Structure formats: structure tokens, C-alpha cells
1. Determine whether A:Val246 is more than 18 Å from the chain's Cα centre (by Cα), modelled with pLDDT under 90 and buried (at least 19 other Cβ atoms within 10 Å of the Cβ).
2. Can A:Arg112 be described as surrounded by fewer than 17 Cβ atoms within 10 Å (Cβ to Cβ), part of a loop (DSSP other than H, G, I, E, B), within 14 Å of chain B (Cβ to nearest Cβ) and on the phi < 0 side of the Ramachandran plot?
3. Given the criterion out of contact with any Asp or Glu (no Cβ under 6 Å at 6 or more places or on another chain), in contact (Cβ under 8 Å) with a residue 24 or more places away in the chain and of a type in the set (Ser, Thr, Tyr), identify the matching residue among A:Ser118, A:Ser48, A:Ser43.
4. Across the stretch A:96-109, what is the total count of residues that are part of a helix (DSSP H, G or I), more than 9 Å from every other protein chain (Cβ to nearest Cβ) and surrounded by fewer than 24 Cβ atoms within 10 Å (Cβ to Cβ)?
5. Scan the stretch B:269-287 and tell me whether some residue there is within 20 Å of B:Lys40 (Cβ to Cβ) and in contact (Cβ under 8 Å) with a residue 40 or more places away in the chain.
6. Since A:Ala210 meets every condition but one in (1) more than 14 Å from chain B (Cβ to nearest Cβ); (2) more than 21 Å from the chain's Cα centre (by Cα); (3) touching a residue at least 12 places away in the same chain (Cβ under 8 Å), which condition does it not meet?
7. Which of the numbered conditions does A:Gly248 fail, given that it passes all the others? Conditions: (1) without any contact (Cβ under 8 Å) to a residue 60 or more places away in the chain; (2) assigned to a strand (DSSP E or B).
8. On the basis of being touching a Gly at 6+ places or on another chain (Cβ under 6 Å) and away from chain A (no Cβ under 14 Å), does B:Arg168 make the cut?
Amino acid sequence: MSKISVKNFNLYYTNFHALKNININIKEKRITAMIGPSGCGKSTLLRSINRINDTIEGAHTSGEINISGKNIYDTEMDVDVLRRNVGMVFQRPNPFPISIYENVAFGLKVNRIASNKSVIDETVEKSLKAVLLWDDIKDKLRKSALDLTLERQQRLCIARVIAVAPYIILLDEPCSSLDPVATRRIEELMIQLKDEYTIVMVTHNMQQAARISYDTAFMLLGELIEFEKTEKIFTNPSRKETEDYVTGRFG
Amino acid sequence: MRKIIDTVIETVIFICAILSIIFVVLIFGFLFKEGFAFFKDFGITKFITGKFWNPSSNPALFGILPLIVGSTLVTVGACVIAVPIGVMTALYISEIAPKGIRDILKSLVELMAAIPSVVIGFVGMITLVPFVRIFFNIPTGLTAFSGSIMLAFMAMPTIVTISEDAIRSVPWHYKEGAFALGATKWQTIRRIVLKAAMPGIIAAIMLGIGRVIGETMAVMMITGNAAHIPDSIFEPVRTMTATIAAEMGETVRGDMHYKALFAIGLVLFVITFIVNFIADLFLGKSKNK
């Protein structure tokens, strides 16, 4: 069953054609990886799924992205509601310069999901537990989130997303600023989370895609070249470009 | 030869740098010498808490409490007006305005900073003062309230430009993170941008206060210069700066009155020093992030 279905989707940054007629169906409760060399459009595609690209001046689109059957580029779509349902974790951990607690509570408050303190407390605890941070920082909830290590900051950013209970989590190279040990642990976390969330991840690291994703999309110069089971992409790709990329001939 | 030029230029630059420090130290030393002599003769507590400023009475009274109250009232009034408007303007310029309007507004605000204070005082005197007198139906429009309004105009450019800097330097990824969680633009501004920019905004306010507290010409023209402790903001007041400017010409060099004015200068210096110090503290904090 597909959760996200992209149909004839194009995106332009002013005059630059960044995504060319993309068609892809992303399955529910799986990890889908998007790979490709820098500038291939994989992050742009990811950022189109929660319309965070709207905040970039000059970005405009055509075509559809349907989530649970609804076109999110429809004029009636409430973008704030969309972004609540489609969470995003960025390349560089970006906790807000406020306390750890307030970081997790932020989404609950702005979306008016909860205003009762005990409900918020409970959700904060649950979210931090889900990212395996709770035991380490439960005594430091009032401390600034910026004092955490990068790995913990990234976990916090994931907790912040989980707190508002999205269906989909988008991750844009979530491990690129982390060391290998932290990367491994974030990957383990993602594997755990896939049972509850549809996860789409952009990665620069092909091994990472091979390790944890179910499906992999290979993109090149704004086009989707191939979208298949991860295993097939890495062992027996049908397109020459994919093979050249995964075997390291370019990129 | 090239080495010599290097050494010469380095020395010149060093002297220029050290000169400004020397000037500050000399000014402070001079203020301190004259002011301190006064404290010794008259008593510092009597000076600061004395309720009457009347240098020509017998015995002469040098209580600067009315002047401190005057300065404080005008400054606080100016802040109450300038801070909300200034910060909102900064927010509008940096977050909301389309590019064309932003550029126009920015240059207008900078132009505002270039208006000489005597012009602000003059314009206030002929427009605002009569308006305040008639509108509030009070005997004179030369009040602390009028002074606050005019000073707010003078503090605003400082507050706007420095706050705008602080708001604009809030990293984009904070905002992106907030949008990605479903926050609206206003929620993002209120909960994240303002919080992240707060040290810079406080520094801006402090520098604005520093400008207002030291301002002389406009307050002298508008606030009525009555050295008494006012009951409300709608009464004339006299500030510390206006007292020094107005009375320095009447004193005899070296007498008590002369020294008292230096002592006021010293008090003013200490206050502005503290305000600027706090501003620096917050500016440093906002840069370290």
C-alpha cells in the first residue's frame, strides 16, 4: 500500500528546473531511501513532501503529491496541518535555543494539540523515551537544548517530531554531522521507528541506504532514474546510471 | 626600507588606538577630580537624596533627586513608547516586509538617526507641546510626557537597527525547524525568533536608553526645566543633562555650583557606563551563539 504517491511532479527554483516529472509511490511503514550525487534533487523532492520548499523564494511546482489520497498541493490544503502530519528532521541538528522540555513541547503548543500541563509532560516523556534519550536527560529537561552533544541534539529533533504524532517522518541526511558510532545508533532508532511511521530518508551514504532502507530511489540531475527494492538497486540495478553510481564510478 | 615603513605605520596605528583610551581616562579623571571634591565638601548622600536643587539660595541646595527623577521619568517614558514600536518595526523590516518596502524603511530609519537633536526639540516645541497642553488640558505642554515622546523618536533608530540585526541573524534553520513542526509564521516569530534574538534586542534597548539618558538639547527645549519632583508625567521636569548645559555658563570656575555640575556629570557617566556595560554583555551573548 502506498502512502505517498507523487504524480508528474515538477519543481522550479525561479527558472531552474530542479525536479523533472517525478513519479514515485512510497510505501507505508517502511524506510525509503533516496540517493544520488549532490544537486540531483533528492533533498528537494523530500522537502516537497512537507512543502517546506514553499518558504524558499521563487520555488514553484506543478503536478501532484498525494498523501493518503489527498493532493497536498491542492489550494485547499492547510500547510500547517500538513507539516504537523509530515514531520521533518534536518541535516544539521537544529534544536531551538530554548530548554529541552520546551523543544519537545513546542509542536504540541503551536498546534494546540495539548495545553494541559500533565498531558504535555506525559508526551514529552513518551517522545524522549521513544528516541532513547529520557534516561540520560530526564534531570536536565530545563537545560538549554544547545548544550547537548550533536547526537543527542539530533535525537531531540526526532523526539520533537514524534511528539506531534505525524504519520510520516522525513529525514534529510540525518547523520551527516554525526560520528560513526552516533550514526549507527540513529540508524537503529530509525529501524525501530519504521514500525509506526512511514520514513523517507535522503542520504549521501550509500551503505546507510543499503543497511536500513526497504526501497531505494536513485536520482540524477532532477530525474528519478530508478526506484526499486534496496537489494535490487545495490545488487542488480536495471539502469546503467544506477549501476555506475552504486559501484562508485561517479558521484 | 619596507620594514621601516611597517614599523612606522604600526606605531601610528598604535598611537591612534591608545589616544582614544587616553581621552576617556582623562575625561573620567577630570570629572572624578572635580566631582569628588564636591562630594567631600557637600556629602554624597545629601547630594543624591537631596530633594531640592537651588544653587542660588542661601545656603545653596544641591540635591539632585529631582534631576534623577526627571531623567528617569523621561527615559522610562521614552522606552515605553520606543521599545514596542522599535522592536515591531525591526520585526516588520526583517521578517515580514517585501524587499522593496524593507529597503525604503531601512533607509528612512537610518535617516531618522541623522536628524540633529535641536531640530527634534524645535519641531517638538512648536507642534507637540501645544498639542499636549490643549489635548490634556494642562497649564503647560512642556512636560516629561512631551519629552518622552520626542526622545522616543531619537531612541528608535538605535533600537530598530540593532534589533533588526539581531533578528536577521537568527539562523534560518531555527525557523525552518519551527515551520516543519506546523508552526505558523507568527508562532515562529513569537516563540523562536524573538527568543533567539532576545540578547541582541536587550542590547539594542540598552543602547537606546544610553542615547536617551545622555540627550540634552531636545529635553532642555521640551521638558520645561522645573527642578522639582513631579507628581505625574504631565508636569515639567528637569533632567541631569539639561541642568549641566543650562547652568554651566552661570557658574564661577571652581566654586561649589561649578563642582556640583561636575558631580552631576560623574553620576551621569556612571549611569551611562552601567547601561552600556549591560548592553555589551548582551551583545557579547548574542554573538556567541
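1. On the way: more than 18 Å from the chain's Cα centre (by Cα): yes; modelled with pLDDT under 90: yes; buried (at least 19 other Cβ atoms within 10 Å of the Cβ): yes.
Yes; evaluated as a whole, the condition is true for this residue.
2. On the way: surrounded by fewer than 17 Cβ atoms within 10 Å (Cβ to Cβ): yes; part of a loop (DSSP other than H, G, I, E, B): yes; within 14 Å of chain B (Cβ to nearest Cβ): yes; on the phi < 0 side of the Ramachandran plot: no.
No.
3. Working: A:Ser118 fails: in contact (Cβ under 8 Å) with a residue 24 or more places away in the chain; A:Ser43 fails: out of contact with any Asp or Glu (no Cβ under 6 Å at 6 or more places or on another chain).
Within the list A:Ser118, A:Ser48, A:Ser43, the selection yields A:Ser48.
4. 3
5. Residues of the stretch B:269-287 within 20 Å of B:Lys40 (Cβ to Cβ): B:269-270.
Those left that are additionally in contact (Cβ under 8 Å) with a residue 40 or more places away in the chain: B:269.
Yes, the stretch B:269-287 contains a residue that is within 20 Å of B:Lys40 (Cβ to Cβ) and in contact (Cβ under 8 Å) with a residue 40 or more places away in the chain.
6. (2)
7. (2)
8. Values: touching a Gly at 6+ places or on another chain (Cβ under 6 Å): no; away from chain A (no Cβ under 14 Å): yes.
Taking the combined requirement at face value, the residue does not satisfy it.
The values are calculated or read from the model by the stated rules, or taken from the named source; none is laboratory data. Quick caveat, the model's predicted, so the values are computed rather than measured. Cβ coordinates were reconstructed from backbone atoms using ideal geometry, including for glycine residues, and neighbour counts include every protein chain displayed.
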